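S.K.: Structure incoming, see below.
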Amino acid sequence: ADFKLVPFRRQKDAAADKAQLLKLAAGIRQQLDSRYQRVVETTSPNVVPHRRRAGSTDYVFLVNDAREPGDYVGQYGLVHEQGVPTAADVRLNSNATAVYDLATHQAVPFQHDAATGHLTIPVTLGPCDGKLLMAVEKPIASVLVSGPENVARGGTWSGSVQILDSSKQSLD
């Protein structure tokens, strides 16, 4: 094997167990750094990223897993059950020129590092919250909807929707 995974046994202390798991995860990450290039990562181990790609567009799913003891069973120190807000930077290997939050329907500010080709996107997530970001090569300039303006109740609407850039070209 290139490296061995260390077995882990819970100590029935949620805070200590989480600290130990994060330490083990950091060790695995360090061993993988020379062999694996991450497309997306976050500055917080509590913000879990996942990237999907369609054409030239990246979709970044984020889940906030930051938790602390709550009032139900957390009071015994065995689990962290109460979600807490968290903030992190998302680093995405992309040549996108625009990023959108698909839940709030808004453009998202980001920094682009031309030397590395990475975008850095600051995010804030509520307790047990998630986000879906879309990174595109060209900004959306307009949306063109064509078809009938009205449709009878229970009827079928047939038409087309185009997402266009500033030169009126369709985005994928």
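S.K.: Would you kindly state how much longer the chain becomes between Cys128 and Asp113 on full extension, computed as 0.36 nm times their sequence separation minus their alpha carbon distance, in nm to one decimal?
M.R.: Result: 2.4 nm gained on full extension.
S.K.: While we're here: In what order, largest first, do His105, His112 sit by accessible area if the probe radius is 1.4 Å?
M.R.: So, going from the largest accessible area down, we get His105, His112.
S.K.: Here's a follow-up. Once you place label points 7 Å from the Cα toward the Cβ at Tyr72 and Glu137, how far apart are they in nm?
M.R.: Once both label points are built, they end up 4.7 nm from each other.
S.K.: Okay, next question. Nearest 10 degrees is fine. How inclined is helix 14-32 to the longest principal axis of the chain, computing both from alpha carbons?
M.R.: So the helix axis and the longest Cα principal axis differ by about 70 degrees.
S.K.: When the accessible area of the chain is split by element with a 1.4 Å probe, what percent falls to carbon and sulfur?
M.R.: Reported share for carbon and sulfur atoms: 53 percent.
S.K.: Hey, what's the chain come to in accessible area per residue, 1.4 Å probe, Å²?
M.R.: Counting only protein heavy atoms, the per-residue value for the chain is 69 Å².
S.K.: Still on this structure, please answer the following. Could you work out how much longer the chain between Ala15 and Thr120 gets when fully extended? Use 0.36 nm per residue separation minus the Cα distance between them, nm to one decimal.
M.R.: 34.8 nm
S.K.: Now, a different point. So what's the net charge close to Arg51: Lys and Arg +1, Asp and Glu -1, counting the other residues with Cβ under 13 Å from its Cβ?
M.R.: +3
S.K.: Another question about this same structure. How large is the dipole of the stretch 34-172 about the Cα centre if only Lys and Arg carry +1 and Asp and Glu carry -1, each at its Cβ, rounded to the nearest 20 debye?
M.R.: The calculated dipole for the stretch 34-172 is roughly 420 debye.
S.K.: In addition: State the number of lysine pairs found in the chain whose Cα atoms come within less than 25 Å, restricting to pairs 8 or more positions apart or on distinct chains.
M.R.: Close lysine pairs found across the chain: 6.
S.K.: Now a separate question. What is the list of residues in the stretch 110-140 whose amide nitrogen lies under 12 Å from a point 7 angstrom out from the Cα of Leu102, following Cα to Cβ?
M.R.: Once the point is set 7 Å along Cα→Cβ of Leu102, 131-136 turn out to lie under 12 Å by backbone N, inside the stretch 110-140.
S.K.: Expressed in nm to one decimal, what extension gain is obtained for the pair Gln82 and Ser166 from 0.36 nm per residue of sequence separation less their Cα-Cα distance?
M.R.: 25.7 nm
S.K.: Suppose only helical runs count, i.e. DSSP H with n ≥ 4. What mean residue ellipticity at 222 nm does that imply for the chain under -39500 (n - 2.57) per run, divided by all residues and rounded to the nearest 500 deg cm²/dmol?
M.R.: When only DSSP H runs of four or more count, the value is -4000 deg cm²/dmol.
The values are calculated or read from the model by the stated rules, or taken from the named source; none is laboratory data. These numbers come from a predicted model, not from an experiment. Cβ coordinates were reconstructed from backbone atoms using ideal geometry, including for glycine residues, and neighbour counts include every protein chain displayed. These accessible areas exclude ligands, DNA and RNA; they are computed on the full protein's heavy atoms, side chains included. Shrake-Rupley method; radii C 1.70, N 1.55, O 1.52, S 1.80 Å.
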